[in-house]
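The structure under discussion appears below in the form of structure tokens.
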Amino acid sequence: MNPEAALLAGFLAGLFGSTHCLGMCGGIAGMLHAQLPGDKPWLAAGFHVGRIASYLLIALIATGIGMLPATLLPEYTVVVMRVALGLMLVMMAVYIALPGRFRDLAGQAAAPLTRRMIPVLAHFLPVKSFDNALGLGLLWGLLPCGLLYTVVASAVLLADPLATTAMVLAFGLGTVPLLLGTGLAALKFRSAVNRKGLRGLAAALLALTGILVAFGPWLAHLIDHPWMHFLADCVS
């Protein structure tokens, strides 16, 4: 899977999968943003830079683990990992396509743990500097998140630091719009992202990417057509 396809997959997963974030991280986002100095709203960027940095560190460690089997089982590991990665992307697509009430269950299930973390983060408040905001973001990024763990599992299967970096950075940026705003702004954005047609298109693109990652070489051999070869080459 090339970095361009990984970037697209990560962004779609982050943007359209982040609607569960209001249930899981909405309380933390609201608390952190409320503690920003009135004359320094730009410090909010530190939260998200730190959060995405944590995601990237976790994913790159996972990538290193994923690179190990290729040296031990070079003959068939690549094929197995490619198929597993493709199926993982299809699972992300299914998650995106689910009705909102089912996606919300993931965030609601993790909400009690998130609430327990709020007092820990509160020790570092109020926010006084960018370093302070960055540290809070790093801690925030370590919170359990099912969607993030799916991306991390994909990183293991990617076994490519460049593609992993592209996917995780795009995933993190995709989650920012919903978590950057609070209150009415977040709800309006969530409503826009939840439009059935838009969400269906995103899920279809992600599912197609997964299918091409998993079975692209076989499909290109089976369907000897320039467009099929082009699509397979787009993700290979």
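The values are calculated or read from the model by the stated rules, or taken from the named source; none is laboratory data. Because the structure is a prediction, the values reported are computed rather than measured. We place every Cβ from the backbone using ideal geometry, glycine too, and count neighbours over all the protein chains shown.
Below is a table of values for the structure above.
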read-out: Residues (crowded, with 20+ Cβ neighbours inside 10 Å and at pLDDT below 80) located in the range 158-181; value: A159, L178, L179
read-out: Filter result for G27 (at pLDDT 85 or above and assigned to a helix (DSSP H, G or I)); value: no
